Amino acid sequence: MIVITGTIAFDYIMNFPGEFKDHVLPSQSHQINLSFIVNKFAKRRGGTAGNVSYSMGLLKTPHTLFSVAGSDFEEYRKKLEELGIDCSKVSIKEVEHSSTGFAMTDATNNQIWGYFYGASDHIKDLKLNSIAKRGDLILVGPSGAEGSMSFIDQCITQRIEYAFDPGFILTQVKNEDLAKGVKHAKYIFGNDYEIKLIKDRIKSSENEWKDKIVVTTLGEKGATVAAEGRTHKIKAAQPKALIDPTGAGDAFRAGFLAGLEKVLDLKTCGEMGSTAASFCLEEYGTQEHIFTKQEFEKRYRQTYGHMLKF
């Protein structure tokens, strides 16, 4: 069984048609007081665990969503359960709100974010032994430094394999904890900048990475999957239109994990990840894309030149 951890959140997304830099006075940076009139606004379901779970649901991949949400989760739950996703292990904090993100993007794709952890503060209290066992695979998604490290410690103690996705906690996690997460992981996910930063911070030797499966996303250049001294280059599947890159990394992880669940080779898993990400890029939001099995297989075939059956 694959267990997906990380945050469940609601995102408030706004677009500012100008550029932030035109409204920041360097001489007054010590007393910034700004407001922006936005021309686009949307409320969207989000959070790393919710995003990965959603795309895995589209891919009809059995898994368990293991996270914490607030009293506002009911509508979110219904959307996931419509895809056959098991939400029974999501803990509900009735007197709190789910995590909430507020994002404003300017005309040059600079972003200002505010993030309220809310119910996600309790992720660190979740116990893996209530749902997982040896032979399962845990995606340790960003859950705050405490939450992510709690899952890692539990996986180590219970000898459960895990995939480590530390990108969003790199500014919070200590070097020694980051090194522990990498040392015991079977899979490591990150973009090229994050993977380089991880290697620079923990000062590990190449030998320490040899037994890892390192999945590096490269945006429009695709991805690489490195394992056992060999690196598979993954061509980027092309979206019909590039609308919003937010959430594409989570969709990639979902596709990759779906391939693992079906016991496919690593290169095919990477190609499934890239194909899933391409659908996410076509919509404004992290869970607005949708595809059928036939549509997914067709895009995969058009990109990689061979059939995929899942």
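The values are calculated or read from the model by the stated rules, or taken from the named source; none is laboratory data. Since we're looking at a predicted model, the values are computed, not measured. Glycine gets a Cβ as well: all are built from the backbone with ideal geometry, and neighbour counts include every protein chain shown.
Within segment 262-293, if we keep just the residues that are acidic (Asp, Glu) and crowded, with 18+ Cβ neighbours inside 10 Å, the residue that is farthest from Phe102 (Cα to Cα) turns out to be Glu271. Residues of segment 85-101 that are at pLDDT 90 or above and not charged (D, E, K, R): Ile85, Cys87, Ser88, Val90, Ser91, Ile92, Val95, His97, Ser98, Ser99, Thr100.
Which one is nearest to the chain's Cα centre (by Cα) among residues in segment 17-52 that are among the β-branched types (Val, Ile, Thr) and in a helix (DSSP H, G or I)? Please lay out each step first, then the result.
Taking segment 17-52 and keeping what is among the β-branched types (Val, Ile, Thr), we get 24, 32, 37-38, 48, 52.
From the residues that got through so far, the ones that are in a helix (DSSP H, G or I) too are 48, 52.
On the way: Thr48: 4, Val52: 6 Å.
This residue is Thr48.
Considering segment 64-91, and only residues there that are of a type in the set (Gly, Ala, Ser) and surrounded by fewer than 21 Cβ atoms within 10 Å (Cβ to Cβ), the residue that is nearest to Ser53 (Cα to Cα) turns out to be Gly84. Suppose we keep only residues that are without any contact (Cβ under 8 Å) to a residue 60 or more places away in the chain and in a loop (DSSP other than H, G, I, E, B) within segment 137-174. Which one would you say is surrounded by the most Cβ atoms within 10 Å (Cβ to Cβ)? Of everything passing the filter in segment 137-174, Pro166 is surrounded by the most Cβ atoms within 10 Å (Cβ to Cβ).
Ala248 satisfies every condition listed in (1) at pLDDT below 95; (2) touching a Leu at 6+ places or on another chain (Cβ under 9 Å); (3) surrounded by fewer than 22 Cβ atoms within 10 Å (Cβ to Cβ); (4) of a type in the set (Gly, Ala, Ser) except (3). Select from segment 176-227 the residues that are over 23 Å from Lys267 (Cα atoms), among the acidic types (Asp, Glu) and in contact (Cβ under 8 Å) with a residue 12 or more places away in the chain and list them in ascending order. Residue satisfying the conditions is Asp177 alone.
Those residues that are part of a helix (DSSP H, G or I) and under 17 Å from the mean Cα position of the chain (by Cα), I need them from segment 60-76; list them, please. Write out each step before concluding.
Filtering segment 60-76 down to residues part of a helix (DSSP H, G or I) leaves 74-76.
Across segment 60-76, there are no qualifying residues.
If you check Ala107 against the conditions, is it aliphatic (A, V, I, L, M), in a loop (DSSP other than H, G, I, E, B) and either modelled with pLDDT under 90 or surrounded by 13 or more Cβ atoms within 10 Å (Cβ to Cβ) (or both)? The answer is yes for Ala107. When the residues of segment 197-208 are filtered to those that are of a type outside the set (S, T, N, Q) and farther than 20 Å from Val140 by Cβ, the one that is modelled with the highest pLDDT is Asp200.
Checked against (1) modelled with pLDDT under 95; (2) in contact with a Ser or Thr (Cβ under 9 Å, 6 or more places away or on another chain), Arg45 passes all but condition (1). On the stretch given as segment 175-184, residues that are acidic (Asp, Glu) and surrounded by 15 or more Cβ atoms within 10 Å (Cβ to Cβ) total 1.
Scan segment 268-308 residue by residue and report those that are of a type in the set (D, E, K, R) and touching a Lys or Arg at 6+ places or on another chain (Cβ under 9 Å).
At the first step, the residues of segment 268-308 found to be of a type in the set (D, E, K, R) are 271, 282-283, 288, 293, 295, 297-299, 301.
Those that are of a type in the set (D, E, K, R) and touching a Lys or Arg at 6+ places or on another chain (Cβ under 9 Å): Glu271, Glu282, Glu288, Lys293, Glu297.
Of all residues in segment 118-136, those that are farther than 26 Å from Ala258 by Cβ have Cβ atoms under 7 Å from Cβ atoms of residues that are among the charged types (D, E, K, R), 6 or more apart or on another chain, in Gly118/Glu96; Ala119/Lys93; Ala119/Glu96; His122/Lys93; Lys124/Glu146.
Here are Lys79, Lys93: which of them is in contact (Cβ under 8 Å) with a residue 24 or more places away in the chain, more than 24 Å from Phe151 (Cβ to Cβ) and among the basic types (Lys, Arg)? Spell out how you get there, then give the answer.
Values: Lys93 fails: more than 24 Å from Phe151 (Cβ to Cβ).
Only one candidate qualifies: Lys79.
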